[in-house]
Amino acid sequence: MAEQKNDLMDKIVSLCKRRGFVFPSSEIYGGFAAVYDFGPYGVELARNIREAWWKAMVRDHDNIVGLDSAIFMHPKVWEASGHVGGFSDPLAECRECHSRVRVDHLLEEAGVQADEKMTDEDINKLFSEHKDKVVCPKCGKKSFTEAKSFNLLVQSNLGNFTGDWTKEPTYLRGETCQGIYVNFKNVLDSSRVKVPFGIAQIGKAFRNEITARQFIFRKREFEQMEMQYFVRPEEAAATYEEWRKKRWQYYLDLGIREENLRWHEHENLVFYAKAAWDIEYKFPFGFKELEGVHNRSDYDLTQHSKFSGEDLSYRDPITNEKFMPWIIETSVGLDRTFLAVMTDAYTEEEVGEGDTRVVLKFPRKLAPVQIAVFPLLKNKPELVAKAREIFGSLKENFRVEFDDNGNVGKRYRRQDEIGTPYCVTVDFDTIGLGDPSSDGSRAGDKSLEGTVTVRDRDTMKQERIPIAGLQEYFSERLK
Ligand code: ATP
């Protein structure tokens, strides 16, 4: 069991590649550190996760609206947000193997909590106080250079034709929520919302992450799903508690096992934050942040009012009272959710005689393929035609794949590995021909005509279901 845990990450990475969930970026050129591509099944899983989040946040709340702001924003946004000055990680180099390490992470692993906003001087003091406990994760040695802050914003030369683009850089956004803050007034003026209300957004974010380990847990180009909820200051604390409950429940509804989740409270809050808790998931490398739920006070709207000169305060339409709304934020990475869902689903099971099967036990609503339809043999036109017909009718309501590669046993293995909850097989009984290997003396079981075998991913049980009843059968189980 311990062994299974240790190499679980390797197994997930390899399955993701083998079955088309996640590929290293630009692999034929040797890859590109901390950048990954979603393959054919990965893109479906990612889409289902996005939809589940959008439904839980936007569709299920009559006072939360969506937004899709651009990746590029006015450079002043990142000054106002504090990212240009302070969005940095403390970095040191191992004197032995020259790998660059995140000092705050190494300290954390040694049981020492570093403040997010510590100066280089402070972090180096802490670093040298605990240097005996801090080892290089690559070579195991204990000798490092001093730590230096390294800004995480990714620069670009967009719109700068002067030649020296480092002088006036534009940035690829480091987080999606800034697009929400700067559109606060637009949304307010153009839609029916009134405080309290939320704006939700899903989109790409970019960070020059220093440590490029842990697969898709820490990417340089990743996707965030963020919701900013604007409230009256005096309601912020209670609303914050409500959102903590809702976000916990969201993961249970998504099908994540509760024993793999836990809360973690930030010990050192950034100066403007009033409360900050993370939902952590038990990844193969331990419990780590999946989502942050934060009470950000009136910091963001105040900063953008100051830097833009536009008053972003809110006037209550009934009482006429004017105030700066406070913000409760829920922020989660799509990629980290993807890895959590993969980890939760990954199962190895004994299936007799020392044989094991790998099966991804995805929650049914997240499975990239919900039903696979097979003709028993691919060179029998009658079987293929019937299977195609069933595929055609099921695809209207479900995510269905037609599969005629190899034999049925191999197809089950493949579908188990991509987490397909149901497989439907069309055989000779289905089309009233019975056993094809017989010399005609066996007519097959006529009572099975018009029925197919449905096999359940988790129990591996097979049952005979009439074709006419398939829609209902799957609606009950998949909708
Ligand atoms: P960490 O401490 O792990 O670097 P963070 O505290 O910087 O994360 P936030 O800025 O709060 O993260 O971002 C909100 C969410 O975005 C995180 O909870 C995480 O799910 C996701 N996220 C942040 N950075 C990355 C990344 N480099 N790759 C993938 N997802 C990320």
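Some observations on this one:
- Counting all C-alpha pairs of the chain, share separated by more than 41 Å (%): 32
- Normalised size of the range 1-136, defined as Cα radius of gyration per 2.2 N^0.38 Å with N residues, equals 1.46.
- Angle in degrees between helix 299-308 and the longest Cα principal axis of the chain, rounded to the nearest 10: 70
- Total charge dipole magnitude, the range 1-127, about the Cα centre, Cβ charges on Lys, Arg, Asp, Glu only, Debye to nearest 20: 560
- Mean sequence separation of contacting Cα pairs (under 8 Å, at least six apart), scaled by the length of the chain, corresponds to a relative contact order of 12 percent.
- Relative to the longest principal axis of the Cα atoms of the chain, the long axis of helix 381-394 makes an angle of roughly 40 degrees.
- Its Cα centre serving as origin, the range 369-477 has a Cβ charge dipole (Lys and Arg +1, Asp and Glu -1) of approximately 260 debye.
- Computed Kirkwood radius, in angstrom, where 1/r is averaged over Cα pairs of the range 128-226: 17.5
- Its alpha carbons considered, the range 187-310 gives a radius of gyration followed by a Dmax of 16.5, 48 Å.
- Hits among lysines - C-alpha to C-alpha of LYS76 under 16 Å, sequence gap 8 or more where chains match: LYS167, LYS306
- Annotation: average projected area of the range 369-477 is 6.6 square nanometres, based on the convex hull of Cα atoms across all directions.
- Once the Cβ-Cβ distance of GLU234 and ALA468 is raised to the sixth power relative to R0 = 45 Å, the FRET efficiency obtained is 0.15.
- Counting only Cα atoms, the range 88-151 measures 29, 24, 15 Å along its principal axes, largest extent leading.
A short reminder: the numbers here are calculations on the coordinates, not readings from a lab. As the structure is a computational prediction, the values presented were derived from the model and not from experiment. Neighbour counts are summed over all protein chains in view; Cβ atoms, including those assigned to glycine, are modelled from backbone coordinates with ideal geometry.
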